[in-house]
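To start, the structure under review is shown below, and the notes come after it.
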Amino acid sequence: MKFKKITLFTNSKGFAEFGEQSVELDQGSEQARLSALMQSGGYQLRQSPVGFRSEFHVSPHPQWVFILAGQMQIFLQDGSSKIFSPGEHFYSNDLLPPGATFDPTIHGHWSRQVGDVPLVTLFVRG
């Protein structure tokens, strides 16, 4: 059994891109399949009001983003976007390429709160 890990990463050209990876659920029992224990560097909760919108930015460090309430839309440089709803997640790993200076026309993503419910997210550092 596998867990589908949605990823946001920096491709070889320096642009943010969405992808998928599989995480093996090969531990636990038939009633509760578990992955191997993963290390984390702490977590943060965030609440963003209705109307929240960020500027283009890169992830400061690899981190899981779990949507707890509201909806979050992530936009990429190519104009594509994905909406994440409560119970959904992505692994944000679109870091600035080594030696690069941040350029908001090339690097990163931007996000916004969608709908009439404030956005509540849980960030878990990878």
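Any read-out appearing in this document is the output of simple, stated calculations on the displayed coordinates, not a laboratory observation. If you're wondering where the values come from, they're calculated on a predicted model, not measured in any experiment. With ideal geometry, Cβ positions are generated from the backbone for all residues, glycine too; neighbour counts draw on all protein chains shown.
Worth a mention:
- Residue tally, condition over 20 Å from F56 (Cα atoms) and of a type outside the set (D, E, K, R), over the stretch 7-25: 4
- Residues satisfying the stated conditions in the stretch 20-65, i.e. surrounded by 14 or more Cβ atoms within 10 Å (Cβ to Cβ), without any contact (Cβ under 8 Å) to a residue 60 or more places away in the chain and within 19 Å of T10 (Cβ to Cβ): S54, F56, H57, V58, S59, V65
- L68 being within 29 Å of D116 (Cα to Cα), surrounded by 11 or more Cβ atoms within 10 Å (Cβ to Cβ) and out of contact with any Asp or Glu (no Cβ under 6 Å at 6 or more places or on another chain): yes
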